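See structure below.
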Amino acid sequence: MDGVDANKSVAGLSVMLQSGALDPVDLVKASLEKIAGYQDQAIFTELLDERALSDATLSSQRLRSGRSLGLLDGIPVAWKDLFDTKGAVTTAGSAVLADAAPAAADAAVAAALAGAGMVSIGRTNLSEFAFSGLGINPHYGTAHNPASLDVPRIPGGSSAGSGVAVAAGLVPVAIGTDTGGSIRIPAAFNGIVGYKATRGRYSMRGVFPLAKSLDSLGPLCRTVQDAIWIDAAMRGRIAPDIARTDLSGLTLVIPETIVFDDAEPGVVAAFEAAVSRLERAGARLRRRTFPIFAEIFEIGARHGALVTAEAFALHKGRLEGPEAERMDQRVVARTRLGEKITLADYIAIIDARQRLIAAFADSLEPDELLIHPTVPHVAPPIAPLLADDDLFFKINGRTLRNTSIGNFLDGCGVSIPCGTGEAGMPVGFLLSGQKNQDEALLSVARSAEAVIRGDA
């Protein structure tokens, strides 16, 4: 299978598949062989070999007979192990669900991508129950960041395996979930693109939750163009409908509150270099404070975190029974903090959230988008985090900080690689929009991507 390589963009592979230069079966076989031979075996929790080869064979027959289902027909896709895939157990990265009944049907978005001809190739590892931004998993192993050339570094979470699978060239796209940054963080740490859609843009049927008020979905892939194609298919669209944007005259806002606190110099330098490139391309940049951002964290300190309250409600029965002993004790400790959040606290959080979402919308012009570093540091080494619980929780909080703002404000965001920082590790550039501003966000991201990356 010389010349068959999953380490290409979705768009690049699509050209080859649609033209007949590449057969879907050969592509899937090559991807499965590369996964099996890859030194890091903690990326996937399960491979769907039989299903993948069967679906690829059907795709091959369609393409040869001129009955393509569209641009994505024959493209392999991996699923974070929170999405139901028919006949497989959804473990949510936890040992306590390993013996659960297999899913009776695909999750709605998995069915939508299958309807577009995509080939489900496997299920990817994650932080247990998706409750960490680091990607460390004591049950199924911790996938190593493939960008690291010195020591094993974290993949970012919770969509850890999804980010590594794409970055390592094992699949062209993987689907993740994002409750506080779980798509954008692994995208930033691994040097790929991650799109977190507005909550509710896609059906959540068949997706294991963490906090339903915050949970959202999206793809991790190689380019914004790929994300646009996948977004359309996840919504059941035949083709994408995102228009191009002229960067000249576009206004981008850089927040000066919270997001640069304790940021590594290399991260700031890479981000500011991308800002300079955008200015030279004609974009207007303005910097301003956002007291709303500080208030989000003040509310969390006073009443507790929304994600913790809802995660505790979801897992209360497990925490009270013997299953708690089989869970990651760091996940247990963090989830049990939700027990201290009263009903009055929860209502106060919800009320404050709605007020801040409205205030945030009023603070921006309708066409303005925010930009800042996705994470204030590059992916740190794994070993110190395993050895020190206090360090683990400190770094986890800092890792989730910037991205969680967007979840609390119910917005959307795209992380795009913009350079490297310490130890040559990737830095992410986060472009964020308000609730349901996804089309504008994707349009700007598509037009600005080459400039942000430094390719233009």
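The values are calculated or read from the model by the stated rules, or taken from the named source; none is laboratory data. The structure presented is a predicted model; accordingly, all values stated were derived computationally and were not measured. Every residue, glycine as well, gets a Cβ built from its backbone with ideal geometry; the counts of neighbours run over all protein chains shown. What goes into the accessible areas is simple: the full protein's heavy atoms, side chains included, and nothing from ligands, DNA or RNA. Shrake-Rupley method; radii C 1.70, N 1.55, O 1.52, S 1.80 Å.
A compact table of results
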| item | result |
| --- | --- |
| Residue tally, condition over 21 Å from ALA168 (Cβ atoms) and outside any strand (DSSP E or B), over segment 188-197 | 1 |
| Any pair with Cβ under 8 angstrom, 6 or more apart, that starts in segment 342-357 at a residue that is within 11 Å of ILE296 (Cβ to Cβ) and ends at one that is open to solvent by 70 Å² or more (accessible area, probe 1.4 Å) and modelled with pLDDT of 95 or more | ILE357/LYS435 |
| The listed residue being without any contact (Cβ under 8 Å) to a residue 24 or more places away in the chain and either open to solvent by less than 40 Å² (accessible area, probe 1.4 Å) or of a type outside the set (Ser, Thr, Tyr) (or both), out of PRO417, PRO373, PRO384 | PRO384 |
| Unique match (being touching a helix residue (DSSP H, G or I) at 6+ places or on another chain (Cβ under 6 Å), open to solvent by less than 50 Å² (accessible area, probe 1.4 Å) and closer than 17 Å to ASP246 by Cα) among LEU356, LEU431 | LEU431 |
| Exclusive hit being outside any loop (DSSP other than H, G, I, E, B), in contact with a Leu (Cβ under 9 Å, 6 or more places away or on another chain), modelled with pLDDT of 95 or more and among the hydroxyl-bearing types (Ser, Thr, Tyr), set SER158, SER182, SER132, SER120 | SER120 |
| Condition met for GLN61 (within 25 Å of the chain's Cα centre (by Cα), more than 24 Å from PRO240 (Cβ to Cβ) and surrounded by fewer than 16 Cβ atoms within 10 Å (Cβ to Cβ)) | no |
| Pairs where the first residue, in segment 320-334, is more than 12 Å from ALA95 (Cα to Cα) and the second is among the charged types (D, E, K, R), C-beta under 7 Å, 6+ apart | ARG330/ASP389; VAL331/GLU128 |
| Test: PHE393 is touching a Leu at 6+ places or on another chain (Cβ under 8 Å) and either at pLDDT 95 or above or buried (at least 19 other Cβ atoms within 10 Å of the Cβ) (or both) | no |
| Residue count, segment 1-49 (criterion: within 24 Å of the chain's Cα centre (by Cα) and modelled with pLDDT under 95) | 4 |
| Candidates VAL166, VAL171, filtered to the one that is out of contact with any His (no Cβ under 8 Å at 6 or more places or on another chain), outside any loop (DSSP other than H, G, I, E, B), buried (at least 24 other Cβ atoms within 10 Å of the Cβ) and β-branched (Val, Ile, Thr) | VAL166 |
| Candidates ALA21, ALA11, ALA52, ALA56, filtered to the one that is among the small types (Gly, Ala, Ser), free of Cβ contacts under 8 Å to residues at least 40 places away in the same chain and more than 18 Å from PRO146 (Cα to Cα) | ALA21 |
| All helices (runs of 4 or more DSSP H) inside segment 1-70 with 2 or more residues being closer than 24 Å to GLY191 by Cβ | 10-19, 24-37 |
| Cross-chain or 6+ apart pairs with Cβ under 9 Å, segment 142-160 first and more than 15 Å from ILE192 (Cα to Cα) and open to solvent by less than 10 Å² (accessible area, probe 1.4 Å), then in a loop (DSSP other than H, G, I, E, B) and of a type in the set (D, E, K, R) | ALA143/ASP40 |
| Of the criteria (1) out of contact with any helix residue (DSSP H, G or I) (no Cβ under 7 Å at 6 or more places or on another chain); (2) in contact (Cβ under 8 Å) with a residue 40 or more places away in the chain; (3) under 21 Å from ARG355 (Cβ atoms), which one GLU295 fails | (1) |
| Every pair of residues 6+ apart whose Cβ atoms lie under 6 Å, when the first sits in segment 249-268 and is in contact (Cβ under 8 Å) with a residue 24 or more places away in the chain while the second is among the β-branched types (Val, Ile, Thr) | LEU252/ILE371; ILE254/ILE371; GLU256/THR289; THR257/THR289; VAL267/VAL427 |
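Conditions (1) surrounded by 13 or more Cβ atoms within 10 Å (Cβ to Cβ); (2) over 26 Å from LYS435 (Cα atoms), marked per residue:
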residue	(1), (2)
VAL307	yes, no
GLY321	no, yes
ARG334	yes, yes
LEU337	yes, yes
GLU365	no, no
GLU368	yes, no
